[in-house]
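Engineer: Starting off with a structure, shown below.
FYI, it's all coordinate maths here, none of it is from the lab. Because the structure is predicted, anything quoted here is derived from the model rather than measured.
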């Protein structure tokens, strides 16, 4: 079987087109799987909801950064309060010890 140059070009062109078609189908199938899994996964839903709330807050003019930033600020505030309480207790204990020391001697 003798193949001419034109036959080779035609076959290569046909194979290239078939490859492109199959690749396009596979990408569409894979994209569908990703879309389906992301619509089902509650973690992704939560992240998208937080991003949406952050965008809406930014639109409204609240540049606080959304719920994640609020939670972080709340944690920092609670931590500062706890440290302040510990410092006050230590200070009170020092005062009590000093008064006890002076009363004993």
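Engineer: For the Cα atoms of the chain, what angle does the longest principal axis make with the long axis of helix 67-104, in degrees from 0 to 90, nearest 10?
Structural biologist: On a 0 to 90 degree scale, this one is about 20.
Engineer: Let me ask something else about it. Compute the angle between helix 42-60 and the longest alpha-carbon principal axis of the chain, please, reported from 0 to 90 degrees and rounded to the nearest 10.
Structural biologist: Orientation of helix 42-60: about 70 degrees from the principal axis.
Engineer: In whole Å, largest first, what are the principal axis extents of the Cα atoms in the chain?
Structural biologist: Sorted from largest, the Cα extents of the chain read 119, 37, 24 Å.
Engineer: Could you state the angle between the C-alpha long axis of helix 5-40 and the longest principal axis of the C-alpha atoms of the chain, as a value from 0 to 90 degrees rounded to the nearest 10?
Structural biologist: For helix 5-40, the angle is close to 30 degrees.
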